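Accompanying notes for the structure given below.
The values are calculated or read from the model by the stated rules, or taken from the named source; none is laboratory data. As the structure is a prediction and not an experimental result, all values here were calculated from the model. Because the Cβ atoms are built from the backbone with ideal geometry, glycine has one as well, and the counts that use them run over all protein chains shown. Ligands, DNA and RNA are stripped out before the accessible areas are found, and what is left, the full protein with its side chains, is counted by its heavy atoms. Shrake-Rupley method; radii C 1.70, N 1.55, O 1.52, S 1.80 Å.
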Amino acid sequence: MPHKIIAVEAGSIADQLGIRPGDSLVTINGKKIIDWIDYQAFCSEEDIDLVTERDGEEIEYSLEKDEWEPLGLTFDSQLLTKVRECVNHCAFCFVDQLPDHVRPSLRVKDDDWRLSLMMGNFVTMTNVSDKELERIIARHASPLYISVHTTNPELRARLLDQPLAAKIMKQLHRLAEGGISFHTQAVLCPGLNDGPELERMINDLSALWPMCQSMAIVPVGLTGHREGLFPLHKYSRDEARAVMDMAQKYQEKFMREFDTPFVLPSDEFYLAADIPLPPDSFYEDYSQIENGIGMMRLLQTEFEEAYEENDLTRAQPASVLIATGTSAAPFMRELMRTHPVPNVTVKVLAIENGFFGPEVTVAGLLTGGDIIRATKDLSADRVLITECMLRDDEDVFLDDMTLDAVQTAIGKPLIKVGRRGDELLHAIMNVDMDAPRDQL
């Protein structure tokens, strides 16, 4: 179908051709455009024939351009089509565990391989047909991020409550044969897909290396809203250690064979098992940091580098409160203890999640209400929170409270801090390290 153009970049190729907002793009080089992936692929060529539509009439254009030079068109949707939603009913689905009063957008279950390519979202591939799989290969859509969970076809079909889930290994083999690289993850549930099933999965996925570039393992996330759902429990220390023992055994093997650890436990597993984080070098290029793999190690590395490089005497005297989740609080306390900032008193506050339930311990899922409840009666010159608590590009928490509203409620400055360690140090010091000294 034609795709409506809502904007044309001034001075772009499309602008010079006379294409206007309101026109519709029909074909490129005689090919219909399914989505943004097709559009990008077809536009990469040097010789292009375009067909657009205006007021019911088709207009043809022929042009030559540099390879990958953009046309300058903006469409009315990011993908040029609807986002593909999940067709599974996973036993561990986090969306199914949300409180009744969350905003509707949080209940949308996307499972779209195109967002995996564009944004690093993990997808299960259960809604990808054989024909679509071949289009992924034809479009060189690499790397993808794929939720595997288990390579046992019968178990995967049960865990995802989806018969199509059983064909995952066939799909992964076809992607690898087609030159598509991918990162994988497994959400582990005690007694279900760990133990022998985890060992099977590690062996199956590592057999696809180097096209399968990594395998993340993440403990199941459980909220306090699981009435009527599949019975699951949180990893105990001993259960987490059993997972980590297996992971570390294979990491040593893969370091010898592949020169990479391949199996990447999330920070949550290290915390649950009470095992020290590995060094910065272990995480290589931090390929799965958005999945909570190495996030704390990178924060510490960046913080320590900034601590050594900056003049700490420039810090403004203050009492600072760092509000975080219960799992990260001990790590943050130790970091603050070993790296004191002159004239600044820093207290790390572990906040129990009242919105999702105390079993949810990560900082990024704390809400505005949680922050108010925990900090309104505490004394501090300012409260620091990670930007992970807020909606992307908006100062809004998961409970729809705004940053300003929470700041007003607690009666003290509430500062969102970027994810880098140097940003945390600068927020503690309350200085702009890029500003000239005479402006501080």
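General remarks:
- Stokes-Einstein D in µm²/s, Kirkwood radius over Cα pairs - the chain at 10 °C with 1.306 mPa s viscosity: 65
- Note on ASP377 and ARG226: with the Förster distance fixed at 35 Å, the Cβ-Cβ geometry gives a FRET efficiency of about 0.65.
- Along the stretch 145-159 the Karplus relation, 6.51 cos²θ - 1.76 cosθ + 1.60 evaluated at θ = phi - 60°, assigns HN-Hα couplings of 10, 10, 7, 9, 6, 6, 9, 7, x, 5, 5, 5, 4, 6, 4 Hz to successive residues, with x for each Gly and Pro.
- Averaging the Cα positions of each part gives two centres, and for the stretch 232-285 and the stretch 142-188 these lie 21 Å apart.
- Computed from the Cβ-Cβ distance with R0 of 56 Å, the FRET efficiency linking GLU58 to GLU199 stands at 0.45.
- Paramagnetic reach from GLU308 (point 7 Å along Cα→Cβ, amide N under 17 Å) across the stretch 393-429: 421-423, 425
- Spread of Cα-to-Cα distances over 10 Å intervals beginning at zero, given as percent, for the stretch 1-108: 13, 39, 20, 14, 13, 2
- Built amide H within the under 5 Å cut-off of THR27, gap 5+: VAL51
- Scattering from the stretch 148-216 was approximated by placing one identical point on each alpha carbon and applying the Debye formula without solvent; log10 I(q)/I(0) at 0.12, 0.19, 0.23, 0.27 1/Å stands at -0.28, -0.70, -1.00, -1.27.
- Within straight-line reach of LYS347, meaning a Cα separation under 22 Å, sit the following lysines at least 8 residues removed in sequence or on another chain: LYS376, LYS412, LYS416.
- Mean shadow area of the stretch 349-402 over all directions, Cα convex hull, nm²: 3.7
- Annotation: amide H-H contacts under 5 Å for MET401 (H modelled 1.01 Å from N, sequence separation of 5 or more, or interchain): GLY368.
- If you plug the beta carbon distance of ASP76 and SER12 into 1/(1 + (r/R0)^6) with R0 = 22 Å, you get a FRET efficiency near 0.80.
- Rg to Rh, two decimals, where the stretch 310-415 supplies the alpha carbon set and Rh follows Kirkwood: 0.97
- Distance from the C-alpha centroid of the stretch 324-400 to that of the stretch 12-51: 47 Å, rounded to the whole angstrom.
- Heavy-atom surface analysis with a 1.4 Å probe gives the chain a carbon and sulfur content of 49 percent of its accessible area.
- For the stretch 243-341, alpha-carbon Rg over 2.2 N^0.38 Å: 1.27
- Accessible area in square angstrom per residue, the chain, 1.4 angstrom probe: 48
- Calculated from backbone phi, Karplus (6.51, -1.76, 1.60) coupling profile of the stretch 99-106 in Hz, x at Gly/Pro: x, 4, 8, 6, 5, x, 4, 6
- Secondary structure note: in the chain, about 40% of the DSSP beta bridges are antiparallel.
- 5 angstrom amide H check on ASP110, placed H, neighbours 5+ away: CYS86
- Straight-line cross-link reach from LYS4 at under 29 Å between alpha-carbon atoms covers these lysines, not counting any fewer than eight positions away in the same chain: LYS31, LYS32, LYS65, LYS82, LYS109, LYS131.
- Isolated cysteines in the chain, defined as those with no second cysteine Cβ under 4.7 Å, comprise CYS43, CYS86, CYS189, CYS212, CYS388.
- Inter-label distance for SER142 and ILE415, nm, one decimal - labels placed 7 Å from Cα along Cα-to-Cβ: 4.5
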